[in-house]
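Take a look at the structure set out below.
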Amino acid sequence: MNSSRCLAAAAVAGTLLAAGAPLSQGREAKGLQRTIQLPKPSTEGAVSVEKAIQRRRSVRGFGERPLTLAQASQLLWSAQGVTEAKKGLRSAPSAGACYPLEAYLVAGAVDGLAPGVYRYSPRGHLLALLSEGDARARLKEKGRTQQMIGRAPATIVVSADLGRIRPRYRDRAERYTHMEAGHAGQNVSLQAEALGLGTVMVGAFDDAGVKNALGLPSGETPLYLIPIGVPGN
């Protein structure tokens, strides 16, 4: 599989999402808007890359202030957003442009967004509602009861579908996917710092438990939990 075919496979997944095709076995959301167009991300900011790198620290305490929809938009774009529309290239490098990663937003307190589990579509820069209701408590339970997962206003969950990359890279596919998750995670860390937010990379969780709690598709494996919010006690 060459890079063009990898890009095509990623594009098909994005098109299905934008069209509202079912993507998980989770509880169907009723009475809520199924897709949400996110605010356009900014490509300029007041904090330099160098300053964000220098300031970045893991934050495990969050205040009560909710995230704004614009902040959620910027964070998701930093993780997997499209940065070159013609070729569909994204913010984080991917081996062969296969893009095996998916990003989800577990929203509990985001202004302008109902609590629920959402899947991010890089193409179109939108969210698709997978299940309604605040899922932070059950995510915390499957995350070894780490308190910051329950207290953060939102958590980005990064998962991977190795079926997109394995045909080309075979026994190196898993390694390349984990490298890509690291790229995306660092992007989110630096973007959070630039927005005056805090975050921490969480890898200690029950894989199957997180997958079931959020209703992720059978072919995906969760790799990262990234709780985000305004730093506090």
Filtering the stretch 148-166 for residues that are under 13 Å from residue 202 (Cα atoms) and either touching a helix residue (DSSP H, G or I) at 6+ places or on another chain (Cβ under 7 Å) or buried (at least 24 other Cβ atoms within 10 Å of the Cβ) (or both) leaves a count of 7
Can you say whether residue 132 is touching a helix residue (DSSP H, G or I) at 6+ places or on another chain (Cβ under 8 Å), more than 18 Å from residue 62 (Cβ to Cβ) and among the acidic types (Asp, Glu), as far as the supplied structure shows? no
Here the residues within the stretch 90-103 that are hydrophobic (A, V, I, L, M, F, W, C) and either buried (at least 23 other Cβ atoms within 10 Å of the Cβ) or within 18 Å of the chain's Cα centre (by Cα) (or both) are 92, 97, 98, 101, 103
Out of the stretch 32-89, which residues are surrounded by fewer than 17 Cβ atoms within 10 Å (Cβ to Cβ), among the small types (Gly, Ala, Ser) and closer than 21 Å to residue 201 by Cβ? 58, 61, 63
Could you please let me know if residue 92 is of a type in the set (A, V, I, L, M), in contact with a helix residue (DSSP H, G or I) (Cβ under 6 Å, 6 or more places away or on another chain) and not in a helix (DSSP H, G or I)? yes
Check the stretch 56-71 and report whether any residue there is among the aromatic types (Phe, Trp, Tyr) and assigned to a loop (DSSP other than H, G, I, E, B). no
With (1) modelled with pLDDT under 95; (2) among the aliphatic types (A, V, I, L, M); (3) crowded, with 21+ Cβ neighbours inside 10 Å as the list, and residue 29 as the residue in question, which single condition is left unmet? (3)
Of 81, 61, the only residue that is small (Gly, Ala, Ser) and over 20 Å from residue 42 (Cβ atoms) is 61
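The values are calculated or read from the model by the stated rules, or taken from the named source; none is laboratory data. Since the structure is predicted, the reported quantities are computational estimates derived from the model, not experimental observations. We place every Cβ from the backbone using ideal geometry, glycine too, and count neighbours over all the protein chains shown.
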